[in-house]
Amino acid sequence: MATETTPPKSQTAASNPLFASLGNTDWVKLWSDAPAKIYADGWGKVLGLAADRLQDQAAYLKQLSQCTDPAEALKLNAAFAQQSVSRLWNDGTKIFDGVRSITSTEPTR
């Protein structure tokens, strides 16, 4: 009959070759501050803008559900499409300007 024992710390899941990256954080030290800041700020902006676009879509669908005739629905659809393209262009500009400002203010090593 085998008895169960806890594995020594050297044999935990993080030390398993399949999961080596989970326990080894040395690779994080290789990143300089600028790329990490770009990544964090960039994704923060992207997620915020995505949330704004989802709110726009929800408002559009609410208005569309209240349309009483096809002409009104087509007019609303055209306005929403035009607004979406305009906001997509502006959102892209905001993201790239944000990345550009981060990279131009960070000191080089």
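The values are calculated or read from the model by the stated rules, or taken from the named source; none is laboratory data. None of the values given here were measured: they were computed from a predicted structure. As a convention, Cβ positions derive from the backbone with ideal geometry for all residues, glycine included, and neighbour counts pool all protein chains shown.
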What is the one condition in (1) at pLDDT 85 or above; (2) within 30 Å of Val99 (Cβ to Cβ) that Ala36 does not satisfy? (1)
Scanning for something without any contact (Cβ under 8 Å) to a residue 40 or more places away in the chain and touching a helix residue (DSSP H, G or I) at 6+ places or on another chain (Cβ under 6 Å), does region 54-61 turn up at least one residue? yes
Which condition breaks for Leu74 when tested against (1) modelled with pLDDT of 90 or more; (2) touching a helix residue (DSSP H, G or I) at 6+ places or on another chain (Cβ under 9 Å)? (2)
What single numbered condition from (1) out of contact with any Leu (no Cβ under 8 Å at 6 or more places or on another chain); (2) surrounded by 13 or more Cβ atoms within 10 Å (Cβ to Cβ); (3) modelled with pLDDT of 80 or more fails to hold for Asp41? (3)
If only one of Gln55, Gln63 is at pLDDT 65 or above and loosely packed, with under 11 Cβ neighbours inside 10 Å, which one is it? Gln55
